[in-house]
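Nothing in this text is a laboratory measurement; each read-out follows from the coordinates by a stated rule. Please read all numbers here as calculations on a predicted model, not as lab measurements. As a convention, Cβ positions derive from the backbone with ideal geometry for all residues, glycine included, and neighbour counts pool all protein chains shown.
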Amino acid sequence: MAKCISIIGENHFENWTKFRTACRGLIIREGKILLTYETKNDGQYMIPGGGLEDGETDTECLKREIAEETGLLVESSECVLEIDEYYEEWKFISLYYFCKITGETQKNLTDREKSVGMELRWIPINKAIEAFSKHNDYAATDEMRRGLYFREYTALSQTKDLWEKK
């Protein structure tokens, strides 16, 4: 059973009426983690993954999103971490999996991903944690990035004992 952590935003409503589930892949090789990097969005990093579509299983979503964003085919572990975030009327569920690269395919970036110049970066894990640890630097200027970085910082910190064995 995956560990589950809740992040409750200051702006959360008492009851949530909308939700979104996303599956995210922790792809680690030789002490580095694969992150997406938005070259035209002030250098924003993110763990690859995205939203669950109707009729899709969690692992189907994970494999599709990783393939679309990275051009990589992967096999995944069981879910190692669930982070539930509550902001306004929303509950955002992020499911994290360790992934092993098994092949390559064609990327299929969304228009938004193309517009922000999304590319891939292999980053030493300690540097990724350091980058995400600066989440509060965005509190006054970019609440979405603050929340995203806090989520990714939490994910890497909470799975540290597992990925150190990778």
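For ILE33, which sequence-distant residues (separation of 5 or more, or a different chain) have an amide H within less than 5 Å of its own amide H, given hydrogens modelled in the peptide plane?
The list, which skips near neighbours in sequence, is ILE123, ILE125.
Between PHE19, LEU52, LEU72, whose Cα lies farthest towards the positive end of the dipole of the chain when Lys and Arg beta carbons carry +1 and Asp and Glu beta carbons carry -1, centred on the Cα centre?
LEU72
For the residue pair ASN136 and LYS100, what label-to-label distance in nm results when each label sits 7 Å from Cα along the Cα-to-beta-carbon direction?
Label-label distance for ASN136 and LYS100, simple model: 4.0 nm.
Taking the Cα centre as origin and putting +1 on Lys and Arg beta-carbons and -1 on Asp and Glu beta-carbons, what dipole magnitude results for the chain, to the nearest 20 debye?
Roughly 600 debye for the chain.
Can you give me the distance in nm between label points at THR110 and ILE93, each placed 7 Å from the Cα along the Cα-to-Cβ direction?
1.9 nm
For a quick check: with amide H placed at 1.01 Å from N, whose amide H comes under 5 Å from GLU89's, ignoring anything fewer than 5 positions away on the same chain?
HN-HN under 5 Å from GLU89: PHE13.
Note down the nm distance, to one decimal, between modelled labels 7 Å out along Cα→Cβ at MET144 and at GLU53.
2.2 nm
Kirkwood hydrodynamic radius for the stretch 1-145: how many Å is it when counted over pairs of different Cα atoms?
16.2 Å
Determine ³J(HN,Hα), in whole Hz, for all residues of the stretch 75-86 in sequence, where each value follows from phi through the Karplus function 6.51 cos²θ - 1.76 cosθ + 1.60 and θ = phi - 60°; x replaces Gly and Pro.
My calculation for the stretch 75-86 gives 10, 10, 6, 5, 4, 9, 7, 10, 10, 9, 10, 10 Hz in order.
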